[in-house]
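Here is the structure we will look at, set down as structure tokens.
The values are calculated or read from the model by the stated rules, or taken from the named source; none is laboratory data. Because the structure is predicted, anything quoted here is derived from the model rather than measured. In this analysis, Cβ positions are derived from the backbone assuming ideal geometry, glycine residues included, and neighbour counts consider all displayed protein chains.
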Amino acid sequence: MSFSSDTKDELARIYPEDKESKIAELAALIRTIGSISIYGNRKISLTFTTENASVARLVFKLVKDLFGIIPETMVRRGKYLKKTLTYLIFVPDTKVVEEILGKIKILNYEKGHIKLNYGIDQKILKNSKAKKAYLRGAFLGGGSISDPEKAYHMEFITHNLEHGKDLSKLINSFDLNSKVIARKNNYVVYLKEGEQIVDVLNIMGAHSALLNLENIRVYKEMRNNVNRIVNCETANLTKTINASLRQIESINYIKETVGFDFLPPNLKEVAELRINYPDLSLKELGQMLVPPVGKSGVNHRLRKIEEISKKLKERRVQ
């Protein structure tokens, strides 16, 4: 199973304790996996559609506990390869559907006409528990998390811009920074930072998923730090080797053209050491001098030697 599926299975096992939280979670599920059908003579039905059996069981229990009815259930097998199962929770009774939609502040009647509220009515977000339950329902219905081994990305898909903006505002009320974008015919509320995704998992109550994500984050950070150190050391080693080769080339040119005696004693001493010990660092070369010289002092002398070699080459070309 994917990280996202494991997270949903964990969240679906969390059942709200108080009535306000149950209503908030059911409201989010209706907005994400619910569809309302309106017929003639003001008949209304409500259908929930999901491929997750745990989510289907949760919806069934919420409707049963809150409204005292047993909704109809159906299971459909996918057309292709017949492997995927789709679960449908169906409420056909108009009065019950009106009660459900009225309770969660989606349906209103104005002058005899039905009016749907596409945003999140603040009346159902009465307290912190209800807000957390709504986020949990929104994720169970339309959320997903990328494999944290590859990338940090969490999103909630909704069909309406007004709902997307309200959902983003709800997430951001917990000091987070979600954003909304359009994708085809839907709207996506998303977060892309590992820390913020951890916070959302904590808010929703997905503590096992949170620990798994944190373990992956720590491992990735350690791996990145090791790679960074290795790359840095490799770059420094390459730089040192290239500098050493360049210095030896300059020294050999001086030796072959004018001889070492052309150099002042302090430069001659460094040149001989560099030729004899090409793999040593500047610090190690400095410690072999009498008296010892610091890294910057050795570097200064080797630069002088390179300048002398350069001038000799220019004079020869002229």
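Please specify each residue of the range 14-66 satisfying the condition of being of a type outside the set (S, T, N, Q), farther than 18 Å from residue 120 by Cβ and in a loop (DSSP other than H, G, I, E, B).
14, 15, 17, 18, 39, 43, 51
Working carefully through the options 241, 248, find the one that is under 30 Å from residue 316 (Cα atoms), at pLDDT 85 or above and part of a helix (DSSP H, G or I).
Unique residue meeting the criteria: 248.
Would you please name the residue that is nearest to residue 135 (Cα to Cα), looking only at residues in the range 36-68 that are modelled with pLDDT under 90 and small (Gly, Ala, Ser)?
Restricting to residues being modelled with pLDDT under 90 and small (Gly, Ala, Ser), the top hit is 37.
What do you reckon, is residue 31 touching a strand residue (DSSP E or B) at 6+ places or on another chain (Cβ under 7 Å) and modelled with pLDDT under 90?
Answer is no for this residue.
Determine which member of the set 94, 73, 84, 32 is more than 22 Å from residue 164 (Cα to Cα), touching a Gly at 6+ places or on another chain (Cβ under 7 Å) and in contact (Cβ under 8 Å) with a residue 12 or more places away in the chain.
84
Output the number of residues of the range 276-287 satisfying the condition of being among the aliphatic types (A, V, I, L, M) and either out of contact with any helix residue (DSSP H, G or I) (no Cβ under 6 Å at 6 or more places or on another chain) or part of a loop (DSSP other than H, G, I, E, B) (or both). Talk me through it step by step, then tell me what you get.
Initially, the range 276-287 is screened for residues among the aliphatic types (A, V, I, L, M), giving 280, 282, 285.
This time we only want the ones that are either out of contact with any helix residue (DSSP H, G or I) (no Cβ under 6 Å at 6 or more places or on another chain) or part of a loop (DSSP other than H, G, I, E, B) (or both), so: 280.
Result for the range 276-287: 1.
Would the range 255-264 turn up any residue that is surrounded by 12 or more Cβ atoms within 10 Å (Cβ to Cβ), under 45 Å from the mean Cα position of the chain (by Cα) and part of a helix (DSSP H, G or I)?
Looking through the range 255-264, none of the residues is surrounded by 12 or more Cβ atoms within 10 Å (Cβ to Cβ), under 45 Å from the mean Cα position of the chain (by Cα) and part of a helix (DSSP H, G or I).
Those residues that are over 11 Å from residue 306 (Cβ atoms) and charged (D, E, K, R), I need them from the range 235-252; list them, please. Show your work before the answer.
At the first step, the residues of the range 235-252 found to be over 11 Å from residue 306 (Cβ atoms) are 235-242, 244-245, 252.
239, the sole residue that qualifies.
Scan the range 234-259 and report the pairs whose first residue is of a type in the set (S, T, N, Q) and whose second residue is loosely packed, with under 13 Cβ neighbours inside 10 Å and assigned to a helix (DSSP H, G or I), with Cβ atoms within less than 8 Å and a gap of 6+ or a chain change.
250/310; 257/316
Out of the residues in the range 192-213 that are over 19 Å from residue 5 (Cβ atoms) and touching a residue at least 12 places away in the same chain (Cβ under 8 Å), which is farthest from the chain's Cα centre (by Cα)?
Taking the range 192-213 and keeping what is over 19 Å from residue 5 (Cβ atoms), we get 192-196, 199, 202-203.
Pick out the ones that are also touching a residue at least 12 places away in the same chain (Cβ under 8 Å) and you get 192-194, 196, 199, 203.
Values: 192: 4, 193: 5, 194: 5, 196: 8, 199: 12, 203: 16 Å.
This residue is 203.
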